[in-house]
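Worksheet for the structure shown next.
Each reported figure results from applying straightforward, stated rules to the coordinates on display, with no laboratory input. Fair warning: this is a prediction, and the values are worked out from it, not measured in the lab. Here the Cβ positions follow ideal geometry from the backbone for every residue, glycine too, while neighbour counts run over all protein chains shown.
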Amino acid sequence: MNTVKKSGVGQAIDRVEGHLKVTGKAKYASEFPVENKVYAQGINSTIAKGEIVSIDTSEAEKLDGVLKVITYKNAEKLKTFDKEMTAIGTDSIAPVLQSNKVNYYGEYVGLVVAETFEQAQYAARLVKFEYKKDPSAVIKFEESRSKAYTPDNGSNYSRGDMQKGLSEADVVVEQTYNTPIEHHHPMELHAIIASWENGKVMAYASQQMVDDATIAISSTFQIPKKDVRVVSAFVGGGFGSKLNLERHAIMAVMAAKMVGRPVQVTVTRTQMFTNTGMRQQNEQKMRIGAKNDGMLTALSHETLSHTSTNMEYQEPCGMVSKMLYKVPHNEVTYKLIPMNIQTPFAMRAPGEATGSFALESAMDEMAWKLKMDPIDFRIKNDTQTDLHENRPFSSRLLVECLRIGADKFGWKDRKMEPGTNKKGNWLIGYGVSAASRNSPYQRTYSKVILDLEDDGKVHATIQMDGTDIGTGSYTIIAQTASEYLKIPVEQVSVELGDSNFPVTPGSGGSWGAASYCNGARAACENAVKGLKDNRNIPQDENVALAELLKRNQIKTFEAEGMAEPSKEFEEYSVFSFGANFCEVWVDKDTGMYRIKRMVNVGSAGKILNPKTAYGQIIGGLTMGAGMVIAEKTQVEPNFGNFITRSFADYHVPVNLDLANIDVVFLPEEDKIANKMGIKGIGELGITSVAASIANAIFNATGKRMRDLPITPEKLIEAEVEEGVAIS
Amino acid sequence: MRPFTYTSAINKEQALKATTKTSHYLAGGTNLVDLMKEDVERPDQLIDVNKLEYKKITKNDNGGLSLGAMLSNSETANHPDIRKQYPLLSMAMLSAATAQIRNMASNGGNLLQRTRCPYFFETSMPCNKRQPGSGCGALNGMNSLHAIFGYSDSCIATNPSDMCVALAALGAKVELEQPGGSSRMIEFTDFHRLPGDKPEKDTNLEEGELITGIHLSEPVFADHYYYLKIRERSSYAFALISVAAGLQVKSGTITKAGLAMGGVAHKPWKLYGSEEFLKGKKPNQSNFEEAAEIAMKDAKPFEANKWKVDMGKKAIVRALTQAFEREV
C-alpha cells in the first residue's frame, strides 16, 4: 500500500488535471465545440442614470451575419424581482433588458447576435441609443454621505458598552481607513454557450456554483430545474465574481431561444469591470481603546460603503473585529450609500480582506502608541473563545502562528523606531498582521463508481457538481478517494462541474475543500461498507477493493455519499488563522517601494496537498499585495464610468513586485471542523496582507498610510506621523 | 473592430503609394491594433510595413548611430553597440512595457504611441484628441496623471513613451520618406507637438510620411547616465514621472548635460534650462537641486497632480545623482 501513502491525503502530488491544462485539453466554457453556434455581444449604457429615449438598430441589422439585435423593446419578458430592493443571492433571478431605465454606466442595454464574434462586436458599435440623462445620478461617494442608510439585515452588532470601554482606556486610537473599488479579474473571462432543445436549456458556463446557476436559469425563465443543465468543467478563476449567474448569461439563454441556435457570450475585459461585480469602496472608522499594559478595553468598527440603487450588497468588513481579539466592549456598524454604480459583490475574503486592513492597521497604531511590540500586543489580547458567538473556537493557533512566524522571519531584528533602519536611499521596515477566516462547511453529495478492470485493478470515478476554479479540487478529491478506497491516485478519475452530478455547495467562501472532500469520503466509505455488508465481511477486516468486488462477483459498483456539519460543529466557531510578516524597502525620495520578503504562517487544519495549498496562499498574498501596490478602480466624477477599463489601467502585481515568499502550515488536528479536519484556505491568504505591508511602510518611514492603494505619489505627499522622530 | 483593408508593402515605394487620408502604416501594431479594437482608431486601410528593410543599426555622419525604424525595441535596446554607446537609451527602452510588447514594438512605432488618457480611450466621453471639438474630459475631470507643462485648454494629455524621453535627452533626428518620393530630416525635439488647438495631431508628421530611421547624435553620455522611471508597479506600467539624465564630465566639471522628462507633457519634455545651467558646473547635490528647481519652476499643475512637481524635483536630483555616481 505504499502507493496510497504517496498519493493519499496530505501528499504533495502534482495536479491530476495539470497535464490537461498545460496541453490545452482542459475545456473552459467558451471552448466546447457546439454545432451551429453563433456569437453575441452585449451593449453597455453610456449614462449613469436615466432612460433610453430611442434606439436605432437599422445600421447594425443591415450588416452581414447579424441575426438579431435585442433590446428592452423586443426582449423576452422575464420573471422580475419580488421586491424593489433585493438582497443579492447566488441563485437569484437575474432579469436583464426589461425596461428603458438605466441604473448605472455600463449596464447592459442591448445584445447583438451574429454569425461571428467579429460581426457581433462591430454591429454592437453601430446600434445607436439616445438617452434622457437624469441629473440626480449618485456617482460621487464623498459627496453622498447624507444618503447613507443602515441596512436592515441584522449585521450591526454590539457587546458590552463601547463608551464605557473607551472611558476605561488609557490610550485611544481613532482613525479612518479607506479602500477603493477593486475588481476580481480572474484570468478567464466570464463566458457561456447556451442552447435550447425541446424546452430544455443546456449551458456551458464559467460558474463557481453549478447548482445555483441552474436554479437562477430555471427561475428567471420559469422552467423546471430538471430542464436546465449547466456544465462548468474548468473555471479559470472566479474570486467570487462567478458565484452569481451574471446577466450576460441570462442574455445568452434568452438570445438562444430567440434565434433558435446556440449562443456564445464571452464578456470583454472592459465588461469585467462593469458587469460582473466588484468590491466596493469602503470607509472604515476604527476606534480602539487599551490600557497601558496593552489590554484592549474597546473596539468599534464603523463601515461606510455603497450599494446600487436597485439591489443591496453589504461587505461584512467588521466581521474580524467581532472575534479576533479579547475585547469586552465591541461595536460593529454598517452604512450604505445607494449609488448609480453596479451592485458590488463578494470578492475574495469579503469582509476579511478589507476589514483586516483597517483592524490590523489600527492594532499596529495602538502598539506603536503603547510602545509595545505589535506581536506581544496581539498575543496579550488573544482569546480561545469567540466572544461574538460566545462559544469556543474549534481550534485556534494564532499565537503559535505569530511566534513561529516571528522566528522564521527574524522579527527580533526589527527596529522599534520608524526610519532607523537604512541602507543607501532605502528605508527598511518590518510589518506584521494577524489573519482569520471563517471555515464553513456545507452539505455535499457525491457519487463513486467502481470498475474492476481487466488488469485486476479497480478504477474509481468520483462525481459531484462541485467545481475546480483553479484551486486544485480535482486533485484533492482524487487524493481523498485514493485515501479512503486505498488505491493509487492514478486509478481515480474525478468528474466535476455538471448539474447532472450530485449537488454540492460549489466553490466559494473557502468551503469547497472541506465540503467536496468530505462528500467524496462519505461516498467512498459507503462503497467499501456496502461491498462488505453484501458479503457479511466485518467492517474492520482489511480487504483490498479489487478483492471486495471479486468476492461480490461483480465488476462494477456504485455508491453515493453525503457529508454535512455535525451537531458539534454548530457549537463551535470554526476558523482558520494565520500571521503575515513582511519586509519593505521604501525609497526615501521617489516613494517607490519593494516588498522584499513575505512570510505567511497558517493554521488551516489538515493540509490536503501542500503544493496546491501553497499555491492558494501565494495567490492570496499576491492579491493582498495588489491591494497595496496599485489595485483601484476609479469612477469618473462627471460621467460615472470606470476610467480603469483594462489591465493596462488596473494594475495587478507583476512578478517583479513580489517578494521571496515563505509559506508555513502548522500541523493542526481539528476534528470538530469535520471528519477529515479540513479548514478553508482559499481566502485566508489574502487576509490582512495589506495591513502587514502598510505596517512595514510605517516602520520604514514613519508614515501611516491609511488609504489603499499606497502609490508613490501618496507616499511622497504623506506626512510623518506625529510623535515619530525621523532623523 | 470596424472592417478595414490590409495591404502588405514589400518596399517603401509600395508603402508610400498605397497611403491615403484614412490609412495607417502598420508596424508592430502594439498600440494601433489595441486602439482599433477600442474603436478609437478607425483606419479603413492598414499598410503593413514589416517587410521594409529599415532593420539595421548603422553609423551616421554625426559620429553617432542610426536606428532603423522597423527594428524592434528589444533588438535595439539589447544591441551591443547601443548598450555600449547609448546605455541611457537602452535603459529607458527596457523599462517600457513588457518583454513581449518590446519584441513586437518597432522604433518608428514607438515615436507614434498615443496618449493613455482615459478620456481618449472611452469613445462615449469627450476628447478633442479623438474627436476634435468634443471637448477635453480631463480638464475638469480626472487629471491626476496629466500634464503640468505645455498643455492647452483643448488637451492636457501626456505622451507615454520611455524611449522618446531618452531620445530627447540624447539628441536625435528623425528621417522621413514622403509620398512624393523625397525625404526630409526633422529634429527629434520638433517631431512631437504641443496640443495647442490641434490636439488630434500628436506629431509634425505630414500626411503619408513614413518614418525610416532615427539618427542619434554623437554618443557623449555613455559614462554618466540614468533613466529613472517612477511607476506604480515594477513593470508594465507607464511612468508617473520619468527622467532621462546624461552627463559628460571632464576633470570634475560637467561639460554637457542631456535631461528630459516623461509623464509631464504632451511631448517628451526636454529640460533646456537645466541642461544649460549644469554646463560648466560641478556635479554635486546643490547644483542638481538647482537644476531641478529650474526644471520645475514653470510647471502649472492641476489640483490633482500637484504631486508631480514635488516628485519631479526629487526625480531629477535622483537621476542626476545616479547618472554621476554610476560606476563605469
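Numbers below:
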read-out: Theoretical FRET efficiency, 1/(1+(r/R0)^6), r = Cβ-Cβ of A:Gln553 and A:Asn153, R0 60 Å, to 0.05; value: 0.55
read-out: Added length on full extension, which subtracts the Cα-Cα distance from 0.36 nm per residue, A:Asn500 to A:Asn534; value: 9.4 nm
read-out: Cut-off under 5 Å, modelled amide H: who pairs with B:Gly213 long-range; value: B:Ala69, B:Glu175
read-out: Förster radius 22 Å - calculated FRET efficiency between B:Glu187 and B:Lys300, Cβ distance, rounded to 0.05; value: 0.30
read-out: Inter-chain Cβ neighbour average for residues A:623-631, partner chain, 10 Å; value: 1
read-out: GluC sites (Glu not before Pro) within region A:76-163: DSSP coil, no more than 13 neighbouring Cβ in 10 Å; value: A:Glu84
read-out: Integer Hz, Karplus 6.51/-1.76/1.60 couplings in order for region A:575-589, x for Gly and Pro; value: 9, 9, 10, x, 9, 10, 10, 8, 10, 10, 10, 10, 6, 5, 9
read-out: Residues A:Glu547, B:Glu209, sorted so that the one with the fewest Cβ neighbours within 10 Å comes first; value: A:Glu547, B:Glu209
read-out: Length-normalised contact order of chain B in % [C-alpha pairs under 8 Å, at least 6 apart]; value: 17
read-out: FRET efficiency estimate (nearest 0.05) - Cβ-Cβ, A:Asp407 to B:Lys84, R0 51 angstrom; value: 0.60
read-out: Span per principal axis, largest first, for the Cα atoms of chain B (Å); value: 58, 48, 33
read-out: Cα shape, chain A, gyration tensor, a/c 1.5 rule; value: oblate
read-out: Amide H within-cut-off set for A:Gly110, under 5 Å, with H built and near neighbours excluded; value: A:Ile43
read-out: Ellipticity estimate at 222 nm from DSSP helix runs (n ≥ 4, -39,500 (n - 2.57)) divided over chain B, nearest 500; value: -7500 deg cm²/dmol
read-out: Subset of A:Lys422/B:Lys84; B:Lys173/B:Lys300; A:Lys6/A:Lys606 violating a 22 Å alpha-carbon distance limit; value: A:Lys422/B:Lys84; B:Lys173/B:Lys300
read-out: Inter-label distance for A:Met416 and A:Glu118, nm, one decimal - labels placed 7 Å from Cα along Cα-to-Cβ; value: 6.9
read-out: Chain A, helix-only ellipticity at 222 nm - DSSP H runs n ≥ 4, -39,500 (n - 2.57), divided by all residues, nearest 500; value: -7500 deg cm²/dmol
read-out: Separation of the B:Ala99 and B:Lys17 label points, Cα + 7 Å toward Cβ, nm; value: 4.2
read-out: Other protein chain Cβ atoms within 10 Å, averaged over every residue that makes up B:225-238; value: 5
read-out: Protection proxy ranking, peptides A:576-586, B:243-253, A:501-511, B:172-182, average beta carbon neighbours within 10 Å, highest first; value: A:576-586, A:501-511, B:243-253, B:172-182
read-out: ³J(HN,Hα) computed for each position of region A:531-545 - Karplus, 6.51 cos²θ - 1.76 cosθ + 1.60, integer Hz, glycine/proline x; value: 5, 6, 4, 4, 10, 6, 8, x, 4, 8, 7, 8, 10, 5, 4
read-out: Protection proxy ranking, peptides A:327-337, B:36-46, A:154-164, A:512-522, average beta carbon neighbours within 10 Å, highest first; value: A:512-522, A:327-337, B:36-46, A:154-164
read-out: Relative contact order computed over region B:224-325 (Cα-Cα under 8 Å; 6+ residues apart), in percent; value: 29
read-out: Inter-probe distance in nm under a simple model that places probes 7 Å from Cα toward Cβ, at A:Asn292 and B:Lys56; value: 8.3
read-out: Over chain A, relative contact order from alpha-carbon pairs under 8 Å, at least 6 apart, %; value: 17
read-out: Note, ³J(HN,Hα) from phi for region A:381-394, Karplus 6.51, -1.76, 1.60, rounded to Hz, x at Gly and Pro; value: 9, 5, 9, 9, 10, 7, 5, 6, 8, 6, 8, x, 6, 4
read-out: Beta bridge orientation in the protein assembly as shown: antiparallel %, DSSP, nearest 5; value: 75
read-out: Under the span-like rule (Cα at least 24 Å along the axis, Kyte-Doolittle mean at least -1.0), DSSP H helices of chain B; value: B:307-325
